[in-house]
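The values are calculated or read from the model by the stated rules, or taken from the named source; none is laboratory data. Please read these numbers as outputs of a predicted model, since none were measured by experiment. Here the Cβ is made from the backbone with ideal geometry for all residues, glycine too, and neighbour counts use every protein chain on show. The accessibility values were calculated without ligands, DNA or RNA, using every heavy atom of the protein model including side chains. Shrake-Rupley method; radii C 1.70, N 1.55, O 1.52, S 1.80 Å.
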Amino acid sequence: MMGWLPVALLAVPLLGALLLLLAPHTLRPLLRPYGLILSGLTLALSLLMVATFDYGGPARVQFEVDQPWIPGLGLRFHLGVDGISLPLIALTALLTFLCFVYLSKPNPRARALVFTLLVLEVGMIGTFLALDLLLFFVFFEIVLIPMYFLIGIWGGEGRRAASIKFILYTLLGSVVMLLGLLLVWAQTGTLDIEALSAAHGAGMPKSVQILAFVAIGIGLAVKTPMWPLHTWLPDAHTEAPTVGSVLLAGVLLKMGTYGFARIAIPVLPEGAVAVAPWLGAFAVVGIVYGALACLAQRDLKRMIAYSSVGHMGFVLLGFATLTPVGINGALFANVAHGLITGLLFFLAGGIKDRYHTADMPSLGGGLLATLPRLGSLLTFASIASLGLPGLAGFWGEMLALLGAYQPADGLPRGLFLTYMVIGGLGAVLTAAYFLVMLSRVTHGRPQAPTATTPPGGGETPHEVTVTVTATATTTTTTLAPPRPHEPPTDVRRRELLAWTPLIVLILLFGLWPGLLLSLTTPPVQALLGALS
């Protein structure tokens, strides 16, 4: 039933990107509507999938497509959706559409930008649809090239170094992950994720499972990113354009954590049990490290980037507990982080567009007084990200810590209690750095930003007397002072259209968490079947 939907979700942006290559240059004014229409159609297809999904059986793969791909190697073009992947597919389609809504400025490389975003959308959605290990890897890698160009062409001053660092880190992690996937294939003779998950590691010795879990986990941890494999992330976020930062934080990081839920834990359960204490240790170090790094930042985008290291630490801690509570919390935090941090990067981009800097001390403070709507939205997104109850950021982190309180059988409870305490400290530090940021940016008496040139070339407006001498005639003219500096505009219409859906969903999932938890709980229980 509706088996064409996954193919359509991939075909619409892919065919749109290919047609864009054939379009004449005279169609440049139509490029933004073109991207908006295609991403809107993809979003409509994802909403159709959400509407027709059978919520009575979210653990069962639905909208399944299973056709021969490379028969000689036994590879199949296998796509499908369950309660774990459905929210991430909808999130990807939504954020991509909102990025096209946000784009409005004329760009000399508009064709390349639209093409890049459409190809990126194909890779992101394909990763969440794939049910074959090699197909998953192909889509997992497709996203690297468009994101590399997105940072390297449309990024800031340090874009080249940031894009090279991004591609080198992620490619190296992918090579290690590929070795782990091939090891699984060599041991089991299949790459079908459904079959491997149902077998729960049967046919693979514990030592092989541990080795494969470590190899696959390293590749996923680079993309997540997990401390200490995170060092590409701050530079990439700082230099990326706004839409690049939104998609990088909102979707690409989720591809790494999704791999743990879809592949590493269900396919390699004994490896997961053996590595879980180490995974939890790296997770809580990342939580605290990310929070402390945020406290030391001056750049707003860089601070939000480091906050992602801490937030994804909670996701990894939830996975490390190997419990339904912890993994449900991790999956909830995945979606919440995509909504909240996507909104934060949209807001940071809006501030940078207006003041031409993201340096917090240089912004001058008092944003609530000068731009009250923008300042209020930044405050809302910040308190959502710090985990205020009633907003989406609270539930995932709370459930991850609760899972650490009572980890799965076979895991050292005392060690995970320590992780819970350290994670709780990280949550306090998270509140601290967001409050410090708000005190610098939104509160206080407004001052003129110091990073931009004041009107009149930096001079104080004053009367200028010009004396012109020609033969025996002297004329003295007094020029009027320059016009006073006009403050930047508050939230624009296109920004409000792009940001409102995120605000609504942050409130919806914060007040009604069961809407998402009821979707993920059955597949999580099936995922943990070998551990019960």
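Key figures
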read-out	value
Number of positions in the range 399-437 that are open to solvent by less than 30 Å² (accessible area, probe 1.4 Å) and polar (S, T, N, Q)	1
Residue pairs meeting the criteria (Cβ under 7 Å; at least 6 apart or on separate chains; first farther than 13 Å from THR341 by Cβ, in the range 285-303; second among the hydroxyl-bearing types (Ser, Thr, Tyr))	ALA291/THR430; ALA291/TYR433; ALA293/TYR306; LEU295/TYR433; GLN297/TYR306; ASP299/THR238; ARG302/THR238
Selection count where residues are among the hydrophobic types (A, V, I, L, M, F, W, C) and modelled with pLDDT under 90, scope the range 387-410	1
Selection count where residues are closer than 22 Å to VAL267 by Cα and either open to solvent by 10 Å² or more (accessible area, probe 1.4 Å) or small (Gly, Ala, Ser) (or both), scope the range 116-130	2
The range 73-85 residues that are closer than 21 Å to MET124 by Cβ, paired with ones that are surrounded by fewer than 23 Cβ atoms within 10 Å (Cβ to Cβ) and of a type in the set (Ser, Thr, Tyr) (beta carbon under 9 Å, 6 or more apart)	GLY83/TYR55; GLY83/SER518; GLY83/THR521
Evaluation of GLY201 against (1) touching a residue at least 24 places away in the same chain (Cβ under 8 Å); (2) on the phi > 0 side of the Ramachandran plot; (3) open to solvent by 30 Å² or more (accessible area, probe 1.4 Å) (one fails), failing number	(3)
ALA381, sole failed condition from (1) under 15 Å from ALA330 (Cα atoms); (2) buried (at least 24 other Cβ atoms within 10 Å of the Cβ)	(1)
Any hit, the range 38-47, residues being open to solvent by 50 Å² or more (accessible area, probe 1.4 Å), in contact with a Gly (Cβ under 9 Å, 6 or more places away or on another chain) and either hydrophobic (A, V, I, L, M, F, W, C) or not in a strand (DSSP E or B) (or both)	yes
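Residues are listed down the side, and each one gets a yes or a no for (1) in contact (Cβ under 8 Å) with a residue 40 or more places away in the chain; (2) surrounded by fewer than 24 Cβ atoms within 10 Å (Cβ to Cβ); (3) not in a helix (DSSP H, G or I):
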{"site": "LEU317", "(1), (2), (3)": "yes, no, no"}
{"site": "ALA320", "(1), (2), (3)": "yes, no, no"}
{"site": "VAL325", "(1), (2), (3)": "yes, yes, no"}
{"site": "ALA330", "(1), (2), (3)": "yes, no, no"}
{"site": "ASN334", "(1), (2), (3)": "yes, no, no"}
{"site": "ILE340", "(1), (2), (3)": "yes, no, no"}
{"site": "LEU344", "(1), (2), (3)": "yes, no, no"}
{"site": "THR357", "(1), (2), (3)": "yes, yes, yes"}
